[in-house]
1. Taking segment 526-536, which residues are of a type in the set (S, T, Y) and surrounded by fewer than 21 Cβ atoms within 10 Å (Cβ to Cβ)?
2. On the given criteria, is L340 of a type in the set (A, V, I, L, M), open to solvent by 30 Å² or more (accessible area, probe 1.4 Å) and either at pLDDT 95 or above or not in a helix (DSSP H, G or I) (or both)?
3. Need pairs with beta-carbon distance below 6 Å; first residue more than 18 Å from I307 (Cα to Cα) and of a type in the set (S, T, Y) and within segment 346-373, second modelled with pLDDT of 95 or more and open to solvent by 30 Å² or more (accessible area, probe 1.4 Å); sequence gap 6+ or separate chains.
4. Filter segment 425-440 down to the residues that are within 30 Å of the chain's Cα centre (by Cα) and open to solvent by 30 Å² or more (accessible area, probe 1.4 Å) and list them by number.
5. Please tell me if A570 is among the aliphatic types (A, V, I, L, M), free of Cβ contacts under 8 Å to residues at least 60 places away in the same chain and either touching a Phe, Trp or Tyr at 6+ places or on another chain (Cβ under 8 Å) or surrounded by 15 or more Cβ atoms within 10 Å (Cβ to Cβ) (or both).
6. Using the structure shown, decide if E397 is farther than 19 Å from L491 by Cβ and open to solvent by 30 Å² or more (accessible area, probe 1.4 Å).
7. Sort out which residues of segment 112-122 are in contact with a Ser or Thr (Cβ under 7 Å, 6 or more places away or on another chain) and buried (at least 23 other Cβ atoms within 10 Å of the Cβ), and write them in order of number.
8. Please work out if Q590 is over 21 Å from G526 (Cβ atoms) and in the same structural domain as V519 (by the TED database).
Amino acid sequence: MGLGPRSPHKVGRRFPAGGKRGRGAKGSGRPLPGSKRQPWPPPDRRSEQPPDSHPHLSPEALGYFRRALSALKEAPETGEERDLMVHNIMKEVETQALALSTNRTGSEMLQELLGFSPLKPLCRVWAALHSNLRTVACHRCGVHVLQSALLQLPRLLGSAAEEEEEEEQEGEDGKDGPTETLEELVLGLAAEVCDDFLFYCGDTHGSFVVRTLLQVLGGTILESERARPRGSQSSEAQKAPARECKPADFEVPETFLNRLQDLTSSFLKDIAVFITDKISSFCLQVALQVLHHKLPQFCAYLCNAVIGYLSTRSSSVDGSPLLLFLRDQTSSRLLEQVLLVLEPPRLQSLFEEHLQGQLQTLAAHPIANFPLQRLLDAVTTPELLSPVFEELSPVLEAVLAQGHSGVVIALVGACRRVGAYQAKVLQLLLEAFHCAEPSSRQVACVPLFATLMAYEVYYGLMEEEGAVPAEHQVEMAAARALGNVTVLGSLLLQHLLHFSAPGLVLRSLGALTGPQLLVLAQSPAGSHVLDAILTSPSVTRKQRRRVLQNLKGQYVALACSRHGSRVLDAIWSGAALGARKEIAAELGEQNQELIRDPFGHHVARNVALTTFLKRREAWEQQQGAVAKRRRALNSILED
């Protein structure tokens, strides 16, 4: 998403891709602690403890934990020696838990160590930190330690083997370990947070603990949390691309869900603060996402409370009071989340009562266009899409010219999802990008959509206003290098390729020259357009082959590119034996270059290029067997 004022642009000339919507300014916007040090800040202050009130971590201790962590990483993944090593290290951590948590380097190491820790040692460390909860939770380093500890629950909570081990060791280790179970420790943390809920939610660092706690209590780790790199994550989780992360659900005790309901009630007590305060609002947004997954009835209740409160505020000359809050940077973010989690009937009524007739105004606003995008993302029924489309369709070009391209992309996405107005929105896009008439221009739509440029701008034409548009010049188009593919332009093409009739877009893709298609495949954003060609159920095998044949002669360059090599791997996976022979033969001509290239050598291995060059018959048998297995699998999936 993007936010912030855009510079004015002439309608129909160049369409800005949209600025970035900031996720909040640096710092909390609150005054820093004064020169006089206090052992404990007043309850109504949100600043953290003065640095000199924290235990000091000696260089010797820091060196010990650094060496211990390094040794732990090099040790075998299982075995008695490793278990003993972890036990000894966590014993030392327990004695210096607070000092480690409030030290920048120490906290990073502690986060990693918590990822290795079994249940019992983690409980001891947690108990050691619990007596200083406010100190740790509101510290810029300590907060991440608490988050990391909470994020270990999907790994440890409810593990039968760990629970049995805990019960067996209770008699042996009870004297030097905490009496609380992991469930009791989490509930204790939740109770303390609930008692001072407004403080923790409003604190710059403490709000992170609240957000993670809400997810753990709900048994749902959101995608945004899993995508954020953390020292406490396993190596497998760190290697997984962020785009592949999905909300992770895990089983939690009934007491967790009960406590989550208690925290939900705490939002209602000070709903005005959570709607208007930038930091506190993030906690309510996370709560809505978690409740939507696990307790949808409470989510609906909370959404109704938010909408009901905003609807009764000062009236707007334009209509509903809700429109004022859609234009506010803080409350609009909350309303974005509300729109995404509302059930379709409630979303329909919200639109009819507050938003109908105002969409064009919202689309033109530098802030309100983002909640409008989320409304479009949430559209799943023809009953809602119909009035929304009728209201926005006349102003698509103006919205693009204002730099609010995300609104147009979201509308196209809604047409794809619902399966309605697809031909109409495509025609409107052709008109907005000035390639509808004359019809010869339509074959140039892909470069225009990908770069978000009108026809005249892309090809550098100087046409007087009112003049008859010139015919498309194929030679001119072939000689021009493909422009910079934007993220939103790529998304637009991906949606269009998933329409029920993507023929026009496919013809435009087929008109690209080999070098132009290569640039598209090598682009970080454009490579996903090739993915859509390969995966869209609307694209037939014949259409797919007609587009991809233009890449012949470009396979080596494709293989030696970060993003192009991924595209080539995808093409290879779906290629028939004849097409595989052509690809391997072309790559084999530059075998040494591929082997030396950091991306190309992976492609060469995937293609089994050495076998192809030295033992052709064995290679053909191997590829034939692979093709046979793939056909068998496809037949099973179709059945």
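1. Within segment 526-536, T535, S536 meet the criteria.
2. Against the criterion (of a type in the set (A, V, I, L, M), open to solvent by 30 Å² or more (accessible area, probe 1.4 Å) and either at pLDDT 95 or above or not in a helix (DSSP H, G or I) (or both)), L340 qualifies.
3. Matching pairs, first to second residue: none at all.
4. Result: L428, single match.
5. yes
6. So E397 fails the test.
7. Once the filter is applied, which keeps residues that are in contact with a Ser or Thr (Cβ under 7 Å, 6 or more places away or on another chain) and buried (at least 23 other Cβ atoms within 10 Å of the Cβ), segment 112-122 yields only L114.
8. Yes; evaluated as a whole, the condition is true for this residue.
The values are calculated or read from the model by the stated rules, or taken from the named source; none is laboratory data. Quick caveat: nothing in here was measured; it's all calculated off a predicted structure. Because the Cβ atoms are built from the backbone with ideal geometry, glycine has one as well, and the counts that use them run over all protein chains shown. Remember, those area values only see protein heavy atoms, side chains included, never the ligands or the DNA or RNA. Shrake-Rupley method; radii C 1.70, N 1.55, O 1.52, S 1.80 Å.
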